[in-house]
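Scroll down for the structure; my scribbles are underneath it.
Each value in this text was obtained by applying a stated rule to the coordinates, not by laboratory testing. Here the structure is a predicted model, which means the values were calculated and not measured. Cβ: placed from backbone, ideal geometry, glycine included. Neighbour counts: every protein chain shown.
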Amino acid sequence: MRDSLTNGFALFANLGIGVAWGPVQLMSLELYPTVVRSIGYGFLNTFARIGAVIGPQLAYLDTRIPGVMYFVCCGVCVCCIIASLLLPESRGADLDDKITHKK
C-alpha cells in the first residue's frame, strides 16, 4: 500500500512540475523585448539546472525525513502557479522589438 501511495505522489508531483513549468517559461519569455529574450531564456534555464542539481539532494533528504521531497515539489509548483497568475496578460499585445521606458 505504501509503495502505491508513494508512486501516486511521485506521478502527481511530476505532473505538477510539467504543468507549472511550461506556462511560466512561455509567459515569462513573452514579457521580454526581443533584444533580451534569449537572455531571459538562458536565465530561466539556469534556474532549471540549479533545480536539477538540488533534486538529488532532496532525494537524499527524503531518506532522512520521509515525504519531504513531495512537500517541497508541491510548494514549488504552488509558487509557480501563483507567480504565473501575477504575470500581465499579453494576448493581442504587440511584442516589443526594443527596450523602451514605459510611463
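Return the residue satisfying two criteria in turn: it lies in the range 36-82 and is touching a residue at least 12 places away in the same chain (Cβ under 8 Å) and of a type in the set (F, W, Y), and of such residues it is nearest to D3 (Cα to Cα). Out of the qualifying residues, it is Y70.
Being surrounded by 11 or more Cβ atoms within 10 Å (Cβ to Cβ), out of contact with any strand residue (DSSP E or B) (no Cβ under 7 Å at 6 or more places or on another chain), among the hydroxyl-bearing types (S, T, Y) and not in a loop (DSSP other than H, G, I, E, B): is that true of Y60 here? No, not satisfied. Across the range 5-32, the number of residues qualifying as closer than 22 Å to G67 by Cα, among the aliphatic types (A, V, I, L, M) and within 16 Å of the chain's Cα centre (by Cα) comes to 5.
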